[in-house]
2 protein chains.
Amino acid sequence: MIILGIDPGLLHTGWGVIETQGSQMRARAYGCIDTKSGDDLGMRLQAINQGIAEVIDTYHPDECALEDVFFGVDAKAAFSVGEARAAAILAAAHAGLEVGQYPPRQVKQVVVGVGGAEKSQVTYMVRRQLGLDHDPKPDHCSDALAIGLAHALLTRGSRRQQQAAATAQGEVA
Amino acid sequence: MIILGIDPGLLHTGWGVIETQGSQMRARAYGCIDTKSGDDLGMRLQAINQGIAEVIDTYHPDECALEDVFFGVDAKAAFSVGEARAAAILAAAHAGLEVGQYPPRQVKQVVVGVGGAEKSQVTYMVRRQLGLDHDPKPDHCSDALAIGLAHALLTRGSRRQQQAAATAQGEVA
């Protein structure tokens with residue numbers, strides 16, 4: 001199973017690709033799409049949209065996960081995150097991928113065990129659980145991998161059930 | 001000159017196509033792209049993106065205008081407007097159109113003459129200036145036409161200068 005995690009932002013959109021096999025998980029690739037604040041908004045959104053489309057073309061993820069709406073930010077920041085999110089989601093939707101959405105607190109809760117965990121704790125757990133020998137940098141990459149990891153952990157139970165059902169069906173057939 | 005005005009929203013995205021010939025302006029078409037709040041976000045953004053792409057394919061606008069970031073709204077509302085905006089802007093960028101952006105106050109100032117004008121005053125002026133014999137409904141269509149009209153009025157001066165320069169060049173050549 002290949003999972004694509006995305007941490008969208010108009011200036012920096014982090015992405016991370018995770019491969020799972022049973023309970024084994026590893027980071028396969030990660031990166032960041034940067035745009036310039038002075039550039040035309042259409043060009044910047046296209047860069048995010050096409051960047052994510054290229055990641056999908058390269059790694060063929062089965063599932064995709066993004067950070068959900070977060071509050072406590074000002075309207076202007078929410079506005080640009082919303083724009084970047086839409087550019088990324090449209091690339092996923094175009095490839096027929098559904099997008100899992102998780103609030104930041106839930107991602108931290110699942111990855112670290114504490115909803116209010118520090119960034120360094122998230123990076124530490126991402127590195128450890130995904131078999132990396134270094135901290136994924138910049139932070140947007142670590143965040144994207146954390147979102148993918150949270151999705152992998154949260155959906156593992158239902159996936160295991162589906163596999164068991166498919167096997168049982170195979171045995172009966 | 002064909003101008004496409006867009007009033008983006010996740011639930012309702014209004015659009016309006018304006019045709020200008022010298023100082024003459026008329027509404028050529030308008031409409032609204034609606035999405036359901038319970039539907040998958042990717043599907044909703046695709047509906048807006050494809051809806052605007054179809055309008056562009058049908059009317060071949062030369063220029064495009066949108067409402068700019070507005071403040072005084074809560075972060076959650078800003079988030080979804082940002083998402084809808086990005087879906088519309090990506091359709092315009094894909095067609096090679098640059099997007100003029102105007103704050104709501106400027107649109108009202110240009111169309112009605114008063115930055116704090118009421119919605120009904122905007123609709124009245126849109127109807128009058130664009131030669132419509134009825135109020136464009138729903139409000140999102142009237143707003144989209146107002147944005148297009150503001151863009152037409154604001155860029156008319158520079159367009160006239162460009163035409164004069166081109167004519168002068170033609171006379172010299």
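The values are calculated or read from the model by the stated rules, or taken from the named source; none is laboratory data. Predicted model only: the values in this text are computed from it and were never measured. Ideal geometry is used to build each Cβ from the backbone, glycine not excepted, and the neighbour counts take in all protein chains shown. Keep in mind that these areas ignore ligands, DNA and RNA; they rest on the heavy atoms of the full protein, side chains included. Shrake-Rupley method; radii C 1.70, N 1.55, O 1.52, S 1.80 Å.
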Other protein chain Cβ atoms within 10 Å, averaged over every residue that makes up B:121-132: 0
Heavy-atom surface of region A:1-96, accessible at 1.4 Å and reported per residue (Å²): 41
Minimum Cβ-to-axis distance in chain B for the rotation onto chain A, with residue, whole Å: B:Gly82, 1
May I ask you to give the percent of accessible area on chain B that is carbon plus sulfur, with a probe radius of 1.4 Å? 48
Tell me, which residues of region A:71-90 get at least 20 Å² less accessible area when the other protein chains come in, versus the chain alone (1.4 Å probe)? A:Phe71, A:Ala75, A:Lys76, A:Ala78, A:Phe79, A:Gly82, A:Glu83, A:Arg85, A:Ala86, A:Ile89, A:Leu90
Averaged over B:36-47, how many beta carbons belonging to a partner chain fall within 10 Å of each residue's beta carbon? 4
Under the rule of -39500 (n - 2.57) per DSSP H run of 4 or more residues, summed and divided by the residues of the protein assembly as shown, what mean residue ellipticity at 222 nm is obtained, to the nearest 500 deg cm²/dmol? -18000 deg cm²/dmol
In nm, what does the list of distances from A:Gln50 to its counterparts in the other copies look like, shortest first, when each label sits 7 Å along Cα to Cβ? 2.3
Is the shape of region A:1-77 rounded, prolate or oblate, going by the alpha carbon gyration tensor and its root eigenvalues a ≥ b ≥ c, with a/c under 1.5 for rounded and a/b larger than b/c for prolate? oblate
For region B:72-106 versus region B:1-33, the gap between their alpha-carbon centres in whole angstrom: 15
HN-Hα J couplings of region A:38-44 from phi, Karplus 6.51/-1.76/1.60, θ = phi - 60°, integer Hz, Gly and Pro as x? x, 6, 4, 4, x, 5, 5
Mind checking which of B:Gln129, B:Gln24, B:Gln50 has the largest fluctuation in a GNM of chain B, springs on alpha carbons under 10 Å? B:Gln24
Label point 7 Å beyond Cα along the C-beta direction, distances from B:Gln21 to other copies (nm, shortest first): 6.9
Can you give the accessible area buried between chains A and B, summed over both chains, with a 1.4 Å probe, in Å² to the nearest 100? 2100
Mind running the shape call on region B:51-148? Use the C-alpha gyration tensor, a ≥ b ≥ c as the square roots of the eigenvalues: rounded below 1.5 for a/c, prolate if a/b tops b/c, oblate otherwise. oblate
nm² value of the averaged projected area, convex hull over the Cα atoms of chain A: 10.7
Per the C-alpha gyration tensor (a ≥ b ≥ c, the square roots of its eigenvalues), the protein assembly as shown is rounded if a/c is under 1.5, else prolate if a/b beats b/c, else oblate; here it's prolate
Along Cα-to-Cβ, 7 Å out, sits the label point; list in nm, shortest first, how far the one on A:Gly131 is from those in the other copies. 6.9
B:His94 versus B:Asp62, label points 7 Å from Cα toward the beta carbon: distance in nm? 2.5
